[in-house]
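Below is one structure, written out as structure tokens, with a few remarks after it.
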Amino acid sequence: MAELLRLSVLIAVVSLAWALVRWWERQNLHASGLTPGITVITTANCVICPQAIAALRQQNLASPLRILDVGDPSVANVRVQAIPTVIVANRSSQEVLRRTGRSTVTDAMDIVDIAHEALALGRRIQPAP
Amino acid sequence: MSHAMSHVDVNVPRFNQAVIALLTGIGFVIEMPALVVLGFSILFMSRVFGPKFAPLTQLYVRSLRRSSEITTEDARPPAFAQLLGTLFLGAASIAFLAGVPVLGWTLSLIVTALAALAATANICVGCILYQRYLEPSNG
């Protein structure tokens, strides 16, 4: 009986710790002004971004889908945003790389695959170079 | 002794409750009454010295708070709930020191359950008791 109680409390403690972590992520998210989903960081010369956005929308993958211009101040906060989130930008977006410390993808369908994976796993995916 | 504030950031009591529930819960799981005594010490410091010297409140305000938009609530109900938690954990600590661990864990687990309920479901039993029986407007 005592062991059963101990196990129950252990489960409750782990659940609470997990809830605390998620709460902390929401705090960060709220502070960043962003919402969970897919964040596409676009640049003027981003060839794949429009394709990626169209593909994501077509597959109803990202709700909400947030599109940020690379000049948007929110981009600086992208690194702290909560999950699931995919950051997309074209390879030449050195500014994005510098600000977010993330890799980029070059193919629109890669982006869709990554978005599928991120949403399925429910965790942050850093796109492979 | 009271250090009463009229309003408090809603996340401060929730964070306090979550950490106290974790401390006392982990204490029970690993059979470590010292964690219950630590929880009591934290709450006791908060009660006696006020928010400026409340370890968990200061941890949240100085390090964890991210948003500049702060939602506040009446500070009295959560303060009363905290007082109940302090009393229960104080009694639990005395029970451990007196060699009555069953009583100590029972009191401690009541705090664990109620603090977890408040932190996760926002159902603060101490606050409800205050609002129902002690709030000045209710006589």
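Scan region B:50-62 for residues that are surrounded by 13 or more Cβ atoms within 10 Å (Cβ to Cβ), more than 20 Å from residue B:127 (Cα to Cα) and either in contact with a strand residue (DSSP E or B) (Cβ under 6 Å, 6 or more places away or on another chain) or more than 14 Å from every other protein chain (Cβ to nearest Cβ) (or both) and jot them down. Outline the logic, then answer.
From region B:50-62, those surrounded by 13 or more Cβ atoms within 10 Å (Cβ to Cβ) are B:50-51, B:54-61; that's our starting set.
Next, from what is left, pick out any that are more than 20 Å from residue B:127 (Cα to Cα): B:55, B:58-61.
Once the filter is applied, which keeps residues that are surrounded by 13 or more Cβ atoms within 10 Å (Cβ to Cβ), more than 20 Å from residue B:127 (Cα to Cα) and either in contact with a strand residue (DSSP E or B) (Cβ under 6 Å, 6 or more places away or on another chain) or more than 14 Å from every other protein chain (Cβ to nearest Cβ) (or both), region B:50-62 yields B:55, B:58.
Selection of first residues in region B:30-56 that are hydroxyl-bearing (Ser, Thr, Tyr) and of second residues that are modelled with pLDDT under 95 and surrounded by 13 or more Cβ atoms within 10 Å (Cβ to Cβ), restricted to Cβ pairs under 6 Å at least 6 apart or on distinct chains, gives the following pairs, ordered by first then second residue: B:46/B:54.
Going residue by residue through region B:81-96, is there one that turns out to be within 14 Å of chain A (Cβ to nearest Cβ) and part of a helix (DSSP H, G or I)? For region B:81-96, residues within 14 Å of chain A (Cβ to nearest Cβ) and part of a helix (DSSP H, G or I): absent.
Considering every residue within region B:63-71, establish whether at least one is assigned to a helix (DSSP H, G or I) and either farther than 17 Å from residue A:16 by Cβ or within 14 Å of another protein chain (Cβ to nearest Cβ) (or both).
Going residue by residue through region B:63-71, those that are assigned to a helix (DSSP H, G or I) are B:63-64.
Next, from what is left, pick out any that are either farther than 17 Å from residue A:16 by Cβ or within 14 Å of another protein chain (Cβ to nearest Cβ) (or both): B:63-64.
For region B:63-71, residues assigned to a helix (DSSP H, G or I) and either farther than 17 Å from residue A:16 by Cβ or within 14 Å of another protein chain (Cβ to nearest Cβ) (or both): present.
For region B:73-89, a residue qualifies if it is crowded, with 17+ Cβ neighbours inside 10 Å and in contact with a helix residue (DSSP H, G or I) (Cβ under 7 Å, 6 or more places away or on another chain), and the qualifying residues are B:76, B:77, B:78, B:80, B:81, B:82, B:84, B:85, B:86, B:88, B:89. Could you tell me which residue of region B:108-125 is surrounded by the most Cβ atoms within 10 Å (Cβ to Cβ), considering only residues that are farther than 21 Å from residue B:35 by Cβ and touching a residue at least 40 places away in the same chain (Cβ under 8 Å)? Restricting to residues being farther than 21 Å from residue B:35 by Cβ and touching a residue at least 40 places away in the same chain (Cβ under 8 Å), the top hit is B:124. Is it the case, given these coordinates, that residue B:33 is out of contact with any Cys (no Cβ under 9 Å at 6 or more places or on another chain) and modelled with pLDDT under 95? When the stated conditions are applied, residue B:33 does not pass them.
The values are calculated or read from the model by the stated rules, or taken from the named source; none is laboratory data. Please read all numbers here as calculations on a predicted model, not as lab measurements. Every residue, glycine as well, gets a Cβ built from its backbone with ideal geometry; the counts of neighbours run over all protein chains shown.
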